[in-house]
Amino acid sequence: MSKFGPEYVRAIAPYQAGKPIAEVAREFGLDEAAIVKLASNENPFGLPESSRQAMAAAAADLGRYPDANGFELKAALAARYDVPAEWITLGNGSNDILEIAAKAFVQKGEAVVYSQYSFAVYALATQGLGARAIVVPAVDHGHDLEAMAAAIDADTRLVFIANPNNPTGTFIPAAQIEAFLQKVPEHVIVVLDEAYNEYLAPEHQFESSQWVRKHRNLIVSRTFSKAYGLAGLRVGFAIAQPEVTDLMNRVRQPFNVNSLAQAAAIAALNDKEFLEKGARNNAEGYRQLTAAFDELGLQYVPSFGNFVLVRVGDDDQAGARVNLALLKQGVIVRPVGNYGLPQWLRISIGLPEENAAFIAALKRALG
């Protein structure tokens, strides 16, 4: 099999998703109902009722293909973000948006800039094209925008910025991003990946979609998988100027967002009550987890998302060891050794009782 495919594809390490509950139940002989999953940054409230009802209504038409252009969803997004509908590209989750951007603007041998400790898909999208990765060392587990601007070379075509960043939870204030955009050459596309934007406190909120009006090389990427609770439906979108969205839609797969997903997203988009409930739970859960980490004397990275990165030991086996001990107790979290952080675990913020179960299991795991 080693003779098949280009070397740069064979070198890719496949994406590692959080372990499913059913898999952990089988592996350790546990009751699925008793397992707590805090591994994939999912919304602990699950699907909003507004989306459930919209999906039920849309189910009658499942014998037909979905609207390939997502007219109604684009119209709802255009109204929500005050941009023309033709500035929007729909994706099968924001992961799809990231891949589409790479395919549309980067050729084999050209360069992509992203930060150390940033989302694994940036590396996968780069490797899948045979492009060259320029990985800029992180500062305090976050993006060093000055160094990233300096790293852009003549062959650079794309820059990925995650804000807040996954898996570290770090946040870049608006002024710093605006200053960075001023330094980027116009022929270099910047993807601002804001999967966790809705979890930001009001004092940190800013509407980056309006920056697209000033920067023709900017793509703002968002998702319905996190705060909106639609992870299993896979809906993401990008906002960019028409000459950018035109190219993205040339490489986007047709019907990439299914009918139920489109209906659910339209309903969830303006479900203010659901979003507010999620934000409150997230803020309270963050305090619950970090208070426990303080009590245990564990280092953690201050997070602006719906997860916390915590250091559980000093040796390179610490993360894997504690993760296994947690799995045996029916608690699923995310080891991040594949990010070069083998001493750390990423913990999604759950419901109060789920957080409490994790804290109790962590104390036992640490002895």
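The values are calculated or read from the model by the stated rules, or taken from the named source; none is laboratory data. If you're wondering where the values come from, they're calculated on a predicted model, not measured in any experiment. Note that each Cβ is placed from the backbone with ideal geometry, even for glycine, and that neighbours are counted across all protein chains shown.
Below, the figures for the structure above:
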{"item": "So GLU23, is it surrounded by fewer than 23 Cβ atoms within 10 Å (Cβ to Cβ), of a type in the set (Asp, Glu) and touching a helix residue (DSSP H, G or I) at 6+ places or on another chain (Cβ under 9 Å)", "result": "no"}
{"item": "Meets criteria (outside any loop (DSSP other than H, G, I, E, B), touching a residue at least 40 places away in the same chain (Cβ under 8 Å) and under 20 Å from ASN306 (Cα atoms)) for GLU198", "result": "yes"}
{"item": "Residue in the stretch 32-39 that is under 20 Å from the mean Cα position of the chain (by Cα), at pLDDT 90 or above and part of a loop (DSSP other than H, G, I, E, B) present", "result": "yes"}
{"item": "Enumeration of residues in the stretch 145-158 that are part of a loop (DSSP other than H, G, I, E, B) and buried (at least 17 other Cβ atoms within 10 Å of the Cβ)", "result": "ILE152"}
{"item": "Condition check for ALA58: in contact with a helix residue (DSSP H, G or I) (Cβ under 8 Å, 6 or more places away or on another chain), more than 26 Å from ILE219 (Cβ to Cβ) and surrounded by 11 or more Cβ atoms within 10 Å (Cβ to Cβ)", "result": "yes"}
{"item": "Some residue of the stretch 202-213 being more than 28 Å from ASN43 (Cβ to Cβ) and surrounded by fewer than 20 Cβ atoms within 10 Å (Cβ to Cβ)", "result": "yes"}
{"item": "ASN249 vs. criteria polar (S, T, N, Q) and buried (at least 20 other Cβ atoms within 10 Å of the Cβ)", "result": "no"}
{"item": "From the options GLY319, GLY297, GLY278, residue that is at pLDDT 95 or above, closer than 24 Å to ASN163 by Cα and not assigned by TED's automatic domain parsing to the domain that holds PHE237", "result": "GLY278"}
{"item": "Residue list for the stretch 206-229, filter: part of a loop (DSSP other than H, G, I, E, B) and basic (Lys, Arg)", "result": "LYS214, ARG216, LYS226"}
{"item": "Residues (over 21 Å from THR168 (Cβ atoms) and either part of a loop (DSSP other than H, G, I, E, B) or of a type in the set (Asp, Glu) (or both)) located in the stretch 341-359", "result": "LEU351, GLU353, GLU354"}
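Residue-by-condition table, conditions (1) touching a helix residue (DSSP H, G or I) at 6+ places or on another chain (Cβ under 7 Å); (2) over 20 Å from LEU230 (Cα atoms); (3) assigned by TED's automatic domain parsing to the domain that holds PHE171:
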site	(1), (2), (3)
GLY29	no, yes, no
LYS37	yes, no, no
ASN41	no, no, no
PRO84	yes, yes, yes
TRP87	yes, yes, yes
SER94	no, no, yes
